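Chemist: Here you go, one structure.
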Amino acid sequence: MKKLLTILATTFALATVAEAQQSATAADRIRLPEGFNIELLYSVPRDDQGSWVAMCQDDKGRLIVSDQHGGLYRFPIPALGETVDPASIEQITYSIVGAKARKNITGTAPKEMTEELAKLPKIGHAQGLCYAFNSLYVVVSSRSSTMGCGVFRLLDTDGDDHFDQLVKLKSLGDTAGEHGPHGIVPAPDGEHLYVIIGNQTKVPADYSHSRVPEVWAEDQLLPSLQHFMKGAEAPLGHIARIDPEGKTWEIVATGFRNQYDAAFNRDGELFTYDADMEWDLNTPWYRPTRINHVIDGADYGWRTGSGKFMDYCTDTFGAVVDIGPGSPTGVCFGYGAKFPARYQNAFFACDWSYGKLYAVHLEPKGSTYAATFEEFASAQPFPITDILVNPTDGAMYLAVGGRRVQSGLYRVTYTGDESTAPAETSDAGAEHRKNRHTLESFTHLGATPATAEQLDGIWQSLGSADRGIRHAARVALEKQPVAGWKDRLAGETNPITTTAALIALARVGAANSASAIFEKALSFDYQKTKSRQTRLDLLRSVTLALTRGGTPNAADQAKLINWLDGIYPAQTPEENRDLSAMAAYLNAPFAVERGIELLANASGQEEQIGYALNLRYLKDGWTPEARETYFQWFVLSGNYKGGARLANYLADIKKHATESVPESDLNPELQKLIATQPKSSIPQFTLEPRSFVKNWTMQDFADGLDAGVKANRNFANGRKMAGAGTCYVCHRFQGEGGAVGPDLSSAGGKFSAYDLLESIIEPGKVISDQYGATDFILKDGTVVSGRIMNLGEDRYQVNTNMMDPSSTTIVNVEDLVSIEGSSLSMMPPGLINTMSKEDVLDLLAYFISGGDPEHSAFQK
């Protein structure tokens with residue numbers, strides 16, 4: 001059955017203004033897989049109980065929820081078929097003078113008791129709640145809270161079902177808010193908790209221990225571009241393990257942007273859903289929202305601005321799966337739900353801004369996991385903040401709210417025909433995970449230095465084909481005294497082991513070992529190294545030795561430039577991005593010529609921006625022709641679309657480039673070119689002009705399409721056409737491109753050439769509900785078509801142009817008449833009309849190949 005995109009027409013019921021203002025989104029407007037049912041249990045009275053952003057269950061099975069800007073509330077979960085009784089909701093208070101005082105209060109008249117209780121201090125403003133160890137843990141993340149930002153523990157010391165003691169376990173300064181402290185979850189060992197902290201909260205100065213080697217740095221050869229959190233430096237965005245009393249604060253992992261929550265699977269492995277930086281869309285440093293397997297000692301690579309570590313950097317630990325643009329909030333596994341087995345085992349991840357709940361299906365892959373995902377629930381608006389499964393009734397509960405928007409509580413149940421018997425468990429990957437855990441134990445609090453035999457095991461594991469084991473071995477090695485292992489590098493011949501050890505040495509010992517790192521890295525025959533990842537690792541080791549070892553001496557610089565001369569440009573854009581930065585940093589005589597050539601021939605804006613970024617500070621090696629090409633590119637890129645800060649980033653690059661031009665070279669022609677402003681048009685990604693060829697139809701490819709795609713296609717031209725057709729503006733492909741449309745990286749394993757071509761030529765024929773538009777009908781008759789990207793108390797921010805992620809229209813709730821599904825595709829037609837038939841076939845072949853000409857689809 002053909003399925004390029006989910007073949008579902010989307011139609012929303014009317015949403016009246018009164019409903020939008022006074023009630024959470026109606027249940028019949030929320031899309032779910034067949035067999036599932038959703039009920040709206042409660043619309044939160046905003047003026048009284050605020051907007052809920054976190055929830056948990058206590059030891060009596062009651063729900064405890066938190067208003068983002070107010071108090072905590074608890075109430076019993078209603079029986080199936082019933083809704084929440086408003087009278088059952090109580091606000092949680094505590095008395096700092098203890099139970100005796102409260103008992104005195106309860107002896108007064110009811111009215112007096114109410115007045116006295118109202119005087120008691122209240123706790124709230126929480127973005128994380130967890131009931132464990134006979135107490136309620138509360139993570140407060142608000143500067144307006146009288147309690148201050150931090151981790152708190154509420155206890156009921158006399159067992160009367162009222163909290164009477166508050167303990168502040170950890171103060172987290174004043175770096176609160178939506179990128180501050182978030183979730184808190186119990187550890188599988190039953191003895192600890194894990195606290196989830198966003199990137200605007202610094203690691204506490206009094207932390208007990210770090211499993212992450214404490215050698216964190218920015219590692220930029222050239223200054224990064226920064227427009228948000230300027231000057232912020234690692235370590236930021238971390239997860240910590242604490243004991244129940246909060247006496248220890250052990251850093252488990254760092255380098256997240258804004259992970260809101262986390263959950264453990266049955267294997268005891270931790271997962272989180274980390275945020276993207278939506279302002280960075282369509283830049284080479286953009287990283288979509290993503291599911292991360294959180295392993296001990298890992299740095300997940302967030303750095304402010306353009307300095308982010310991409311997933312191919314071995315000194316970070318990449319995503320299990322990229323999701324796309326969004327605002328991650330609550331997560332949980334489906335364990336205990338009376339759902340089909342596939343969903344019992346799923347990792348559910350909430351997206352606040354786009355109103356989606358994803359079901360992520362994890363599969364063991366060595367010591368870590370691979371994953372696919374599907375949209376499980378969605379609506380507009382549907383700002384999901386938290387999620388949990390109640391094991392008593394087997395239902396899933398969802399809270400919506402945040403930023404003072406209308407809040408509500410929903411229940412999801414399964415009423416279909418599939419079995420809901422408890423899913424079978426599996427020990428797949430258990431041995432690999434055990435091996436990884438053994439290596440990770442060297443990073444733990446109280447670990448002793450490795451013995452000689454253990455060091456042999458660590459070294460051997462550096463060469464593992466399993467990325468998780470290789471990562472754990474490198475981190476374990478970095479935790480050992482450098483003098484005890486660095487000499488092993490001299491005789492090592494395994495390229496995987498060598499590159500891992502070089503990266504480790506560069507991170508912990510480059511100040512004294514940079515020359516040795518260069519010598520070893522340059523001893524490998526780069527051109528004959530078949531593995532792309534090994535080549536990237538060699539480049540990474542040299543980059544780190546340069547960033548951490550300081551300016552190389554003259555002899556080393558000459559050797560490095562000579563080495564670069566023989567390998568640059570390389571086979572892939574990722575390598576060339578690193579090589580162009582290295583050539584610029586070393587002021588190699590060929591840096592300009594080769595960088596400009598790459599810039600002129602790059603297929604998409606992300607790749608081009610990377611080269612332009614690395615050329616900006618070069619003062620030498622320019623010819624008039626090279627300068628003309630460079631500044632012509634700035635005119636071309638003026639029409640590039642992306643996140644809200646793309647124009648600022650491009651302006652920064654141009655500013656730095658202009659400042660690098662010697663005054664003697666600023667002739668009138670160049671000054672005129674520098675001052676030229678682009679004419680507004682659809683983005684074009686090539687300096688080579690393109691003309692209209694034909695308004696292609698499916699009938700034009702009726703004969704022999706599949707055979708034509710397989711017939712010795714030109715994959716380099718296919719990549720070029722992906723840029724010419726503006727595919728990269730919306731679609732991600734092998735880590736490049738936008739993310740507002742479907743990721744095409746695995747298209748070859750799912751769709752035929754016919755399916756792909758039809759979606760390009762006739763984009764409105766099949767519209768996925770996941771990527772479809774919504775019509776917002778206003779009182780004055782105006783129709784705003786697009787997708788909600790963000791929302792506030794009384795307004796929606798709607799993206800109206802898929803090809804321009806920063807193009808938004810504000811829709812005020814009070815102006816709404818209805819919200820309905822749109823029958824129009826956000827993808828425009830005609831994108832291949834400047835291509836020849838051979839170009840189109842090359843484009844299809846490129847996407848089907850997954851970027852790999854050896855793909856099985858092309859094997860005869």
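Chemist: Considering every residue within region 525-537, establish whether at least one is small (Gly, Ala, Ser), open to solvent by 30 Å² or more (accessible area, probe 1.4 Å) and part of a helix (DSSP H, G or I).
Modeler: We begin by selecting, within region 525-537, every residue small (Gly, Ala, Ser); these are 531.
Narrowing further to those that are open to solvent by 30 Å² or more (accessible area, probe 1.4 Å): 531.
Filter again for part of a helix (DSSP H, G or I), leaving none.
No - not one qualifying residue is present in region 525-537.
Chemist: Also, I was wondering about something else. Would you point out which residue out of 248, 254 is touching a Pro at 6+ places or on another chain (Cβ under 6 Å) and under 24 Å from residue 128 (Cα atoms)?
Modeler: Working: 248 fails: touching a Pro at 6+ places or on another chain (Cβ under 6 Å).
Within the list 248, 254, the selection yields 254.
Chemist: I would also like to ask the following. If a residue counts only when it is modelled with pLDDT of 95 or more, which strands (runs of 3 or more DSSP E) contained entirely in region 110-211 have at least 3 such residues?
Modeler: Values: elements: 126-132, 135-140, 150-155, 165-171, 181-186, 193-202.
Once the strands (runs of 3 or more DSSP E) in region 110-211 are filtered for at least 3 residues that are modelled with pLDDT of 95 or more, what remains is 126-132, 135-140, 150-155, 181-186, 193-202.
Chemist: In addition: If you take the residues in region 574-596 that are touching a Lys or Arg at 6+ places or on another chain (Cβ under 9 Å) and surrounded by fewer than 21 Cβ atoms within 10 Å (Cβ to Cβ), which one is nearest to residue 736 (Cα to Cα)?
Modeler: If we take residues in region 574-596 being touching a Lys or Arg at 6+ places or on another chain (Cβ under 9 Å) and surrounded by fewer than 21 Cβ atoms within 10 Å (Cβ to Cβ), then 575 is nearest to residue 736 (Cα to Cα).
Chemist: Go through (1) closer than 26 Å to residue 298 by Cα; (2) in contact with a strand residue (DSSP E or B) (Cβ under 9 Å, 6 or more places away or on another chain) and name the single condition residue 375 misses.
Modeler: (1) is the only condition that residue 375 fails.
Chemist: In region 623-652, which residues are among the hydrophobic types (A, V, I, L, M, F, W, C), out of contact with any Pro (no Cβ under 9 Å at 6 or more places or on another chain) and open to solvent by 30 Å² or more (accessible area, probe 1.4 Å)? Don't jump to the end; show me each part of the working.
Modeler: Looking only at region 623-652, we keep the residues that are among the hydrophobic types (A, V, I, L, M, F, W, C), and these are 626, 631, 633-636, 644, 646-647, 650-651.
Within this subset, residues satisfying the condition of being out of contact with any Pro (no Cβ under 9 Å at 6 or more places or on another chain) are 626, 631, 633, 647, 650-651.
If the condition is that a residue be among the hydrophobic types (A, V, I, L, M, F, W, C), out of contact with any Pro (no Cβ under 9 Å at 6 or more places or on another chain) and open to solvent by 30 Å² or more (accessible area, probe 1.4 Å), then 647, 651 are the ones that fit.
Chemist: Looking only at residues in region 262-283 that are at pLDDT below 95 and open to solvent by 10 Å² or more (accessible area, probe 1.4 Å), which one is nearest to residue 609 (Cα to Cα)?
Modeler: 279
Chemist: Please report, ordered by residue number, the strands (runs of 3 or more DSSP E) entirely within region 287-342 with at least 1 residues that are more than 10 Å from the chain's Cα centre (by Cα). Break it down stepwise before answering.
Modeler: Numbers: elements: 289-294, 321-324, 328-333.
In region 287-342, the matching strands (runs of 3 or more DSSP E) lie at 289-294, 328-333.
Chemist: On the basis of being open to solvent by 30 Å² or more (accessible area, probe 1.4 Å), within 29 Å of residue 214 (Cβ to Cβ) and of a type outside the set (Ser, Thr, Tyr), does residue 511 make the cut?
Modeler: Values: open to solvent by 30 Å² or more (accessible area, probe 1.4 Å): yes; within 29 Å of residue 214 (Cβ to Cβ): yes; of a type outside the set (Ser, Thr, Tyr): yes.
So residue 511 passes the test.
Chemist: Listed residues 195, 203, 212, 252; which is over 27 Å from residue 505 (Cα atoms) and of a type in the set (A, V, I, L, M, F, W, C)? Before the answer, list the steps.
Modeler: Numbers: 203 fails: over 27 Å from residue 505 (Cα atoms); 212 fails: over 27 Å from residue 505 (Cα atoms); 252 fails: over 27 Å from residue 505 (Cα atoms).
Every option except 195 fails the conditions.
Chemist: Find the residue count for region 69-90, including only residues that are surrounded by 16 or more Cβ atoms within 10 Å (Cβ to Cβ) and modelled with pLDDT of 95 or more. Walk me through how you get there before you give the answer.
Modeler: Of the residues in region 69-90, the ones surrounded by 16 or more Cβ atoms within 10 Å (Cβ to Cβ) are 69-75, 77-78, 84, 89.
Going one step further and asking which of them are modelled with pLDDT of 95 or more, we end up with 72-75, 77-78, 84, 89.
Counting residues in region 69-90 that are surrounded by 16 or more Cβ atoms within 10 Å (Cβ to Cβ) and modelled with pLDDT of 95 or more gives 8.
Chemist: In region 636-670, which residues are in contact (Cβ under 8 Å) with a residue 60 or more places away in the chain and of a type in the set (Lys, Arg)? First the steps, then the outcome.
Modeler: To start, the set of residues in region 636-670 that are in contact (Cβ under 8 Å) with a residue 60 or more places away in the chain comprises 640-646, 648-649, 652-653.
Within region 636-670, 641, 645 meet the criteria.
Chemist: Follow-up. In region 189-203, which residues are open to solvent by 10 Å² or more (accessible area, probe 1.4 Å) and closer than 22 Å to residue 299 by Cα? Walk me through how you get there before you give the answer.
Modeler: To start, the set of residues in region 189-203 that are open to solvent by 10 Å² or more (accessible area, probe 1.4 Å) comprises 189-192, 194, 200, 202-203.
Result: 192, 194, 200, 202, 203.
Chemist: Hey, another quick one. Could you check how many residues of region 609-622 are crowded, with 20+ Cβ neighbours inside 10 Å and either out of contact with any helix residue (DSSP H, G or I) (no Cβ under 7 Å at 6 or more places or on another chain) or among the hydroxyl-bearing types (Ser, Thr, Tyr) (or both)?
Modeler: Qualifying residue count for the region: 2.
Chemist: Out of 463, 509, I need the residue that is assigned to a loop (DSSP other than H, G, I, E, B) and touching a residue at least 12 places away in the same chain (Cβ under 8 Å). Which one? If you could, list the steps in order and put the result at the bottom.
Modeler: Details: 509 fails: assigned to a loop (DSSP other than H, G, I, E, B).
Just one listed residue meets the conditions, 463.
Chemist: Of all residues in region 797-837, which are of a type outside the set (Val, Ile, Thr), modelled with pLDDT of 80 or more and outside any helix (DSSP H, G or I)?
Modeler: The answer is 812, 829, 830, 831, 833, 835, 836.
Chemist: Another question, then. Consider residue 606 carefully, then state whether it is open to solvent by 20 Å² or more (accessible area, probe 1.4 Å) and either touching a Cys at 6+ places or on another chain (Cβ under 6 Å) or assigned to a helix (DSSP H, G or I) (or both). Reasoning before the result, please.
Modeler: On the way: open to solvent by 20 Å² or more (accessible area, probe 1.4 Å): no; either touching a Cys at 6+ places or on another chain (Cβ under 6 Å) or assigned to a helix (DSSP H, G or I) (or both): yes.
Criteria not met by residue 606.
Chemist: Give me the residue from region 827-849 that is closer than 14 Å to residue 719 by Cα and not hydrophobic (A, V, I, L, M, F, W, C) and, out of that set, surrounded by the most Cβ atoms within 10 Å (Cβ to Cβ). Give the steps one after another, and end with the answer.
Modeler: Going residue by residue through region 827-849, those that are closer than 14 Å to residue 719 by Cα are 832, 835, 838-849.
Narrowing the set further to residues that are not hydrophobic (A, V, I, L, M, F, W, C) leaves 838-839, 842, 846, 849.
Working: 838: 13, 839: 20, 842: 22, 846: 29, 849: 20.
Looking at residues that are closer than 14 Å to residue 719 by Cα and not hydrophobic (A, V, I, L, M, F, W, C), I get 846.
Chemist: In region 33-63, what residues are among the small types (Gly, Ala, Ser) and touching a Phe, Trp or Tyr at 6+ places or on another chain (Cβ under 8 Å)?
Modeler: Step one: list which residues in region 33-63 are among the small types (Gly, Ala, Ser), which gives 35, 43, 50-51, 54, 61.
If the condition is that a residue be among the small types (Gly, Ala, Ser) and touching a Phe, Trp or Tyr at 6+ places or on another chain (Cβ under 8 Å), then 35 is the only one that fits.
Chemist: Looking at 253, 240 in this structure, which one is more than 25 Å from residue 543 (Cβ to Cβ), crowded, with 23+ Cβ neighbours inside 10 Å and either in contact (Cβ under 8 Å) with a residue 60 or more places away in the chain or not acidic (Asp, Glu) (or both)? Give the steps one after another, and end with the answer.
Modeler: Values: 253 fails: more than 25 Å from residue 543 (Cβ to Cβ).
Unique residue meeting the criteria: 240.
Chemist: Residues being surrounded by 24 or more Cβ atoms within 10 Å (Cβ to Cβ) and over 21 Å from residue 200 (Cα atoms): count how many of those fall in region 300-313.
Modeler: Count: 0.
Chemist: How many residues does region 314-326 hold that are open to solvent by less than 10 Å² (accessible area, probe 1.4 Å) and charged (D, E, K, R)?
Modeler: The number of residues fulfilling the criteria is 1.
Chemist: Considering only residues that are open to solvent by 10 Å² or more (accessible area, probe 1.4 Å) and over 30 Å from residue 467 (Cβ atoms), which ones fall in region 355-382?
Modeler: 380, 381
Chemist: To continue, here is another question. Considering only region 146-162, I want to know if a residue exists there that is surrounded by fewer than 19 Cβ atoms within 10 Å (Cβ to Cβ), out of contact with any helix residue (DSSP H, G or I) (no Cβ under 7 Å at 6 or more places or on another chain) and basic (Lys, Arg).
Modeler: no
Chemist: Criterion first (of a type in the set (Asp, Glu), surrounded by fewer than 24 Cβ atoms within 10 Å (Cβ to Cβ) and within 14 Å of the chain's Cα centre (by Cα)) does residue 214 satisfy it? Full working, then the answer.
Modeler: On the way: of a type in the set (Asp, Glu): yes; surrounded by fewer than 24 Cβ atoms within 10 Å (Cβ to Cβ): yes; within 14 Å of the chain's Cα centre (by Cα): no.
Answer is no for this residue.
Let's see how each residue does on (1) at pLDDT below 95; (2) over 26 Å from residue 367 (Cα atoms); (3) buried (at least 22 other Cβ atoms within 10 Å of the Cβ):
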| site | (1), (2), (3) |
| --- | --- |
| 451 | no, no, no |
| 456 | no, no, no |
| 475 | no, no, yes |
| 495 | no, no, no |
| 499 | no, no, yes |
| 502 | no, no, yes |
| 506 | no, no, yes |
| 517 | no, yes, yes |
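The values are calculated or read from the model by the stated rules, or taken from the named source; none is laboratory data. Note that the structure is a prediction, hence the values are computed from the model and not measured. In this analysis, Cβ positions are derived from the backbone assuming ideal geometry, glycine residues included, and neighbour counts consider all displayed protein chains. With ligands, DNA and RNA removed, areas are computed over all heavy atoms of the protein, side chains included. Shrake-Rupley method; radii C 1.70, N 1.55, O 1.52, S 1.80 Å.
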